[in-house]
Structure formats: structure tokens, C-alpha cells
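Every number here is computed from the coordinates shown, using simple stated rules; none is lab data. Note that this is a predicted model, so its numbers are computed, not measured. Neighbour counts are summed over all protein chains in view; Cβ atoms, including those assigned to glycine, are modelled from backbone coordinates with ideal geometry.
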Amino acid sequence: MSPIGISRDGAVIVATAAAANPLDCAPIELLEIDRDRAKVYDLTPYVTTLKVNSLEAISLPESGSAAPLGTEDDIQVSGTTIFATQGRFPLISPDGKRLAFIQDENKLMIHSFVDGATQQLLKRKRVGAGALTGDI
């Protein structure tokens, strides 16, 4: 299944896309659909540390400033590569200042784009993927 990210207001959608004809050998692209401006942007060149065809998660902040992308093993926050690490299921906070993700299969991590610090939360618990609210 292809990952899809959508802004809270539904105006911006980010998704992977392949050619309509399965016999066409064109590469999979990462596209941003801006419904308000009726435009489609190719984000593929900004995916510098991951393979687009391996993406399993896309998360969008309200600000639209950066999109966390995740594969089975790695995370990249794109625009330009703002942050890259090992982990899965990246979710960005609504204000775009923090990124929650799972590392080493069961450690809940949070990275601050404000001060660059990354820390483990719930150190005595094993966790799975979930939703990030603005109060973390």
C-alpha cells in the first residue's frame, strides 16, 4: 500500500505515485498535490537519503514546512534533509517543532527541531505507533 500524508485542512496531500500504465517503467515519484492552488509538485528530488518506492509513512505539519518520510528502517525529514535517523512511523507535531518516531522496534523517541535534542520517552515501556498531539 502506498503512503499518503494529508494536511489537517485537506488542502495539501503528499503521496507516492506510479505511472498509470503498469508496463511503463517510469520511477515512482513523491508528489505534493496543492488543492488550493490546483498544482502538483514533484518532491522526488528532495528525497535524498531514502528510496521513494520504500516509503511507508508520510506526515505533514500544519505549517507545511517539512514532511517526515519513513521507510521500514529509516526516517528523513525533507525539504532539504533537515533530519535523518534510523526509525519508523514518523509523526510531526502540528506546529512542526517536534518529531515522534519509533526506534529499535519499540522505543518511543522525540526529536526537537528547536534545539536539535532527541530523547527517549517511556524508558521502561515498549511502545507502538500512535498519534502525536500538541502537548508533548
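Under a straight-distance cross-link criterion of Cα-Cα below 30 Å, which lysines are reachable from residue 107, leaving out those fewer than 8 residues away in the same chain?
Residue 107 reaches 51, 97, 123, 125.
What ranking of 108, 23, 121 emerges when the number of other C-beta atoms within 10 Å of each C-beta is taken as an exposure proxy, fewest first?
Lowest count first: 23, 121, 108.
If I take R0 = 22 Å and measure r between the Cβ atoms of residue 114 and residue 84 in this structure, what FRET efficiency does the formula 1/(1 + (r/R0)^6) give, to the nearest 0.05? Walk me through the numbers on the way to the answer.
Details: r = 18 Å, r/R0 = 0.81.
The value I calculate is 0.80.
Taking 41 Å as R0, compute the FRET efficiency from the Cβ-Cβ separation of residue 49 and residue 124 and round it to 0.05.
Values: r = 31 Å, r/R0 = 0.77.
The pair residue 49/residue 124 has a calculated efficiency of 0.85.
Can you report the principal axis dimensions of the chain using only the alpha carbons, biggest first, rounded to whole angstrom?
So the extents along the principal axes, rounded to whole Å, are 49, 30, 23.
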